[in-house]
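The block underneath contains the structure these notes are about, expressed in C-alpha coordinates.
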Amino acid sequence: MGSFKLGGMTLGSLFKKPETLLYPAEQKSAPAGLKGHIENDASLCILCGICAKACPADAIVVEKKERTWAIDPFRCVQCSSCVRACPKACLHMLPTYTPIATAQSCTVVEVPDPKA
Ligand code: SF4
Ligand code: SF4
(Lines give C-alpha, C1' and ligand atoms only; values in the text may rest on other atoms or scores of the structure.)
(Ligands and ions follow the chains in the order given, each with its own letter.)
Protein backbone atom coordinates (compact mmCIF):
# COMPACT_ATOMS: atom_id res chain seq x y z
CA MET A 1 0.00 0.00 0.00
CA GLY A 2 1.43 3.35 -0.95
CA SER A 3 2.22 5.87 1.75
CA PHE A 4 -0.18 8.39 0.10
CA LYS A 5 -3.07 5.95 0.36
CA LEU A 6 -2.18 5.07 3.94
CA GLY A 7 -1.89 8.75 4.86
CA GLY A 8 -5.27 9.42 3.25
CA MET A 9 -6.89 6.63 5.23
CA THR A 10 -5.35 7.88 8.48
CA LEU A 11 -6.49 11.45 7.86
CA GLY A 12 -9.95 10.30 6.80
CA SER A 13 -10.40 8.28 9.98
CA LEU A 14 -9.82 11.43 12.04
CA PHE A 15 -13.02 12.95 10.69
CA LYS A 16 -15.22 9.85 10.52
CA LYS A 17 -17.65 8.73 13.22
CA PRO A 18 -16.21 5.78 15.18
CA GLU A 19 -17.30 2.34 13.94
CA THR A 20 -17.72 1.10 17.51
CA LEU A 21 -20.60 1.78 19.93
CA LEU A 22 -20.58 2.32 23.68
CA TYR A 23 -22.20 -1.07 24.29
CA PRO A 24 -24.42 -1.70 26.24
CA ALA A 25 -25.46 1.97 26.59
CA GLU A 26 -25.72 2.18 22.78
CA GLN A 27 -26.93 -0.77 20.75
CA LYS A 28 -27.28 -1.48 17.06
CA SER A 29 -30.69 -2.48 15.79
CA ALA A 30 -30.94 -6.15 14.89
CA PRO A 31 -30.03 -6.87 11.25
CA ALA A 32 -32.62 -8.48 8.96
CA GLY A 33 -32.57 -12.25 9.24
CA LEU A 34 -31.16 -12.34 12.77
CA LYS A 35 -32.26 -15.59 14.39
CA GLY A 36 -32.04 -14.03 17.84
CA HIS A 37 -33.11 -16.19 20.72
CA ILE A 38 -35.68 -18.84 21.59
CA GLU A 39 -38.91 -18.02 23.40
CA ASN A 40 -41.42 -20.55 24.66
CA ASP A 41 -45.14 -19.75 24.79
CA ALA A 42 -45.65 -21.79 27.97
CA SER A 43 -49.45 -21.72 27.65
CA LEU A 44 -49.15 -24.10 24.67
CA CYS A 45 -46.28 -26.28 25.92
CA ILE A 46 -47.17 -29.89 26.88
CA LEU A 47 -43.70 -30.67 28.32
CA CYS A 48 -43.22 -33.52 25.83
CA GLY A 49 -39.44 -33.02 25.73
CA ILE A 50 -39.16 -33.40 21.94
CA CYS A 51 -37.36 -30.05 21.70
CA ALA A 52 -34.74 -31.21 24.22
CA LYS A 53 -34.14 -34.40 22.20
CA ALA A 54 -33.84 -32.40 18.97
CA CYS A 55 -31.33 -29.93 20.40
CA PRO A 56 -27.77 -30.72 19.23
CA ALA A 57 -26.28 -28.48 21.94
CA ASP A 58 -28.14 -29.93 24.96
CA ALA A 59 -29.38 -26.43 25.67
CA ILE A 60 -32.93 -27.38 26.69
CA VAL A 61 -34.00 -29.20 29.86
CA VAL A 62 -37.63 -30.24 30.36
CA GLU A 63 -38.70 -31.27 33.88
CA LYS A 64 -42.16 -32.79 33.62
CA LYS A 65 -42.65 -33.25 37.40
CA GLU A 66 -41.60 -29.67 38.22
CA ARG A 67 -43.47 -28.40 35.13
CA THR A 68 -40.50 -26.36 33.97
CA TRP A 69 -38.92 -25.80 30.57
CA ALA A 70 -35.43 -24.32 30.67
CA ILE A 71 -32.95 -23.12 28.08
CA ASP A 72 -29.29 -22.28 28.53
CA PRO A 73 -28.77 -19.34 26.14
CA PHE A 74 -25.00 -19.79 26.45
CA ARG A 75 -25.24 -23.28 24.90
CA CYS A 76 -27.83 -22.46 22.21
CA VAL A 77 -26.38 -22.15 18.71
CA GLN A 78 -29.61 -20.77 17.18
CA CYS A 79 -30.06 -23.70 14.80
CA SER A 80 -33.90 -23.74 15.07
CA SER A 81 -34.09 -27.55 15.38
CA CYS A 82 -36.25 -27.23 18.49
CA VAL A 83 -38.61 -24.80 16.76
CA ARG A 84 -39.09 -27.23 13.85
CA ALA A 85 -39.50 -30.25 16.15
CA CYS A 86 -42.06 -28.80 18.57
CA PRO A 87 -45.47 -30.44 17.92
CA LYS A 88 -47.37 -27.56 19.56
CA ALA A 89 -45.60 -24.73 17.69
CA CYS A 90 -44.92 -22.96 20.96
CA LEU A 91 -41.24 -22.24 20.31
CA HIS A 92 -40.24 -19.15 18.35
CA MET A 93 -37.00 -17.47 17.41
CA LEU A 94 -37.34 -13.81 18.29
CA PRO A 95 -35.22 -11.49 16.13
CA THR A 96 -33.67 -9.75 19.12
CA TYR A 97 -30.38 -10.26 20.88
CA THR A 98 -30.21 -12.30 24.08
CA PRO A 99 -30.47 -9.87 27.01
CA ILE A 100 -27.17 -8.79 28.56
CA ALA A 101 -26.05 -10.94 31.49
CA THR A 102 -23.25 -10.60 34.02
CA ALA A 103 -23.25 -14.30 34.89
CA GLN A 104 -24.05 -17.52 33.04
CA SER A 105 -27.58 -18.69 33.83
CA CYS A 106 -30.50 -20.61 32.34
CA THR A 107 -33.89 -19.15 31.50
CA VAL A 108 -36.53 -21.20 33.29
CA VAL A 109 -40.16 -21.07 32.17
CA GLU A 110 -42.89 -22.38 34.46
CA VAL A 111 -45.50 -24.24 32.42
CA PRO A 112 -49.03 -23.82 33.81
CA ASP A 113 -50.99 -26.98 34.60
CA PRO A 114 -54.15 -26.99 32.43
CA LYS A 115 -55.92 -29.15 35.05
CA ALA A 116 -55.21 -26.71 37.90
S1 SF4 B 1 -41.39 -29.69 22.02
FE2 SF4 B 1 -42.74 -27.93 22.35
S3 SF4 B 1 -44.42 -28.77 23.55
FE4 SF4 B 1 -42.74 -30.22 23.70
S5 SF4 B 1 -41.61 -29.62 25.56
FE6 SF4 B 1 -40.65 -28.60 23.83
S7 SF4 B 1 -41.63 -26.61 23.76
FE8 SF4 B 1 -42.95 -27.90 24.99
S1 SF4 C 1 -32.03 -23.31 18.52
FE2 SF4 C 1 -30.83 -25.20 18.28
S3 SF4 C 1 -29.26 -25.05 19.82
FE4 SF4 C 1 -30.79 -23.53 20.37
S5 SF4 C 1 -32.12 -24.56 21.82
FE6 SF4 C 1 -33.03 -24.85 19.80
S7 SF4 C 1 -32.21 -26.79 19.05
FE8 SF4 C 1 -30.93 -26.14 20.77
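The table that follows gives values for the structure above.
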| item | result |
| --- | --- |
| Given (1) assigned to a loop (DSSP other than H, G, I, E, B); (2) surrounded by 15 or more Cβ atoms within 10 Å (Cβ to Cβ); (3) at pLDDT 95 or above, number of the condition Cys51 does not satisfy | (1) |
| Per-region count, segment 38-48, residues part of a strand (DSSP E or B) and away from ligand 2 (no atom under 16 Å from the Cβ) | 0 |
| Every pair of residues 6+ apart whose Cβ atoms lie under 7 Å, when the first sits in segment 57-71 and is farther than 16 Å from Glu39 by Cα while the second is near ligand 1 (Cβ under 10 Å from one of its atoms) | Lys64/Leu47; Arg67/Leu47; Arg67/Val111 |
| Residues of segment 19-48 satisfying the condition of being in contact with a strand residue (DSSP E or B) (Cβ under 8 Å, 6 or more places away or on another chain), of a type in the set (Gly, Ala, Ser) and more than 14 Å from ligand 1 (Cβ to nearest atom) | Gly36 |
| Hits in segment 61-107 (condition: open to solvent by 70 Å² or more (accessible area, probe 1.4 Å) and more than 14 Å from ligand 2 (Cβ to nearest atom)) | Glu63, Lys64, Lys65, Glu66, Pro87, Lys88, Tyr97, Pro99, Ile100, Thr102, Gln104 |
| Segment 1-48, subset among the small types (Gly, Ala, Ser) and surrounded by 14 or more Cβ atoms within 10 Å (Cβ to Cβ), residue nearest to Pro99 (Cα to Cα) | Gly36 |
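So that you can scan it fast, the table gives a plain yes or no per residue for (1) away from ligand 1 (no atom under 11 Å from the Cβ); (2) within 14 Å of Leu34 (Cα to Cα); (3) free of Cβ contacts under 8 Å to residues at least 12 places away in the same chain; (4) in a strand (DSSP E or B):
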position: Pro73; (1), (2), (3), (4): yes, no, no, no
position: Val83; (1), (2), (3), (4): no, no, no, no
position: Lys88; (1), (2), (3), (4): no, no, no, no
position: Tyr97; (1), (2), (3), (4): yes, yes, no, no
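The values are calculated or read from the model by the stated rules, or taken from the named source; none is laboratory data. Please read these numbers as outputs of a predicted model, since none were measured by experiment. Quick reminder, even Gly has a Cβ in these numbers, built from the backbone with ideal geometry, and neighbours come from all protein chains shown. Keep in mind that these areas ignore ligands, DNA and RNA; they rest on the heavy atoms of the full protein, side chains included. Shrake-Rupley method; radii C 1.70, N 1.55, O 1.52, S 1.80 Å.
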